[in-house]
1. Beyond a 25 Å Cα-Cα separation, which of these cross-linked pairs lie in this structure: Lys46/Lys201; Lys49/Lys210; Lys46/Lys195; Lys49/Lys201?
2. Please list, in chain and number order, the residues 5+ apart from Thr34 or on another chain whose amide H is under 5 Å from its amide H, with Hs placed from the backbone.
3. Once neighbouring chains are kept in place and the probe is 1.4 Å, which whole percent of the accessible area of segment 9-236 is contributed by carbon and sulfur?
4. What is the spin-label model distance, in nm, from Arg4 to Ala196 if the labels are put 7 Å beyond Cα along the C-beta direction?
5. Which order do the peptides 39-48, 199-208, 10-19 come out in when sorted by mean C-beta neighbours inside 10 angstrom, highest first?
6. Can you tell me the accessible area per residue over segment 9-236, all protein chains present, probe 1.4 angstrom, in square angstrom?
7. So what J values fall out for segment 153-167 if you push phi through Karplus, 6.51 cos²θ - 1.76 cosθ + 1.60 with θ = phi - 60°, rounded to Hz, Gly and Pro as x?
8. Amide H to amide H, which residues 5 or more places from Thr184 or on other chains are under 5 Å from it, using H placed in the peptide plane?
Amino acid sequence: MDYRIDGRRALVMGASRGLGRAIAEALLAEGVKTAICARDTDRLQKTAKEIGALPFPCDLSQPGAGARLVQEVTARLGGLDILLVNTGGPAPASFETIDEAQWRAGFESLWLSAVSPIRAALPGMRAQKWGRILVVTSVAAREPLPNLMISNALRAGLHGLINALSREIGADGITVNALMPGYTLTERLKEAGFKAEEVAKTVPLGRIGKPEEFAALACFLASEPAGYVTGQAIACDGGLLRSI
Ligand code: NAD
């Protein structure tokens with residue numbers, strides 16, 4: 001399929017490794033000029049060099065950082081067509097162990113780090129009458145995962161935001177969708193304490209997903225032919241979710 005995004009300009013957040021990196025690589029392969037950000041500057045520079053992206057160090061959990069990042073990238077690329085919102089997930093925790101400071105930090109890093117760059121990207125996308133906004137959430141937003149309370153709770157809210165936002169921006173040719181990864185083989189999966197062989201048994205396809213499989217979905221949703229898909233939360237999870 002011809003995605004017809006050759007020459008478009010993208011920002012992929014949280015892309016020094018894992019799903020973000022795989023998405024950046026997929027967009028670059030389609031001829032998209034791609035900027036990547038992450039907070040670990042050394043790994044970011046290394047990744048950018050390896051895949052041919054433009055590196056922008058940024059800690060998205062800091063107030064206003066996402067908006068400033070979008071402004072810098074837009075100025076550097078001469079515009080922005082595709083915004084891929086993605087950050088690291090919160091630490092595992094159950095409800096009674098999470099205090100108010102941790103909820104606030106979770107809100108900053110999972111919620112405002114999504115809202116702030118989207119707000120900054122919209123005026124330019126509206127002016128050019130074309131835009132693709134993709135937000136990486138999690139299957140946990142639809143069906144809670146054990147011991148991931150902050151992700152379970154806040155990401156479900158992001159899906160509401162995405163659907164409501166699609167109604168406000170559709171007339172300007174901008175689509176916005178959530179992508180829900182299931183168990184996918186990245187460093188994060190190991191760090192969150194999941195054992196690949198064990199979780200694979202719970203997946204109907206009988207295996208853990210590959211980052212490039214998730215990236216293929218993201219790349220399609222960023223494409224011209226995907227222009228009639230908006231306001232959706234779409235899973236790439238090997239059939240893990242039971243709800244339809
Ligand atoms: P990862 O930890 O491997 O990679 C996260 C990337 O985001 C890294 O490049 C990291 O540097 C960057 N990042 C983290 N915090 C940041 C911050 N504050 N500012 C800027 N950059 C930051 O994670 P992943 O497996 O690629 O997952 C990406 C997202 O998808 C996470 O939010 C995760 O919770 C979610 N998710 C992953 C899985 C999975 O199985 N891998 C499943 C469900 C949901």
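1. The answer is Lys46/Lys201; Lys46/Lys195; Lys49/Lys201.
2. Answer set, sorted by chain and number: Ala10, Leu54.
3. Details: 5570 of 10210 Å².
Whole-percent figure for carbon plus sulfur exposure: 55.
4. Roughly 3.9 nm, to one decimal.
5. On the way: 39-48: 16.2, 199-208: 13.4, 10-19: 26.3.
Those peptides, ordered most packed to least, come out 10-19, 39-48, 199-208.
6. On a per-residue basis, 45 Å².
7. Calculated HN-Hα couplings, in order: 6, 6, 6, 4, x, 4, 5, x, 4, 5, 5, 5, 5, 4, 6 Hz.
8. Under 5 Å from the amide H of Thr184: Gly209.
The values are calculated or read from the model by the stated rules, or taken from the named source; none is laboratory data. None of these values were measured; they are calculated from a predicted model. Positions of Cβ are backbone-derived with ideal geometry, glycine not excepted, and every protein chain shown enters the neighbour counts. These accessible areas exclude ligands, DNA and RNA; they are computed on the full protein's heavy atoms, side chains included. Shrake-Rupley method; radii C 1.70, N 1.55, O 1.52, S 1.80 Å.
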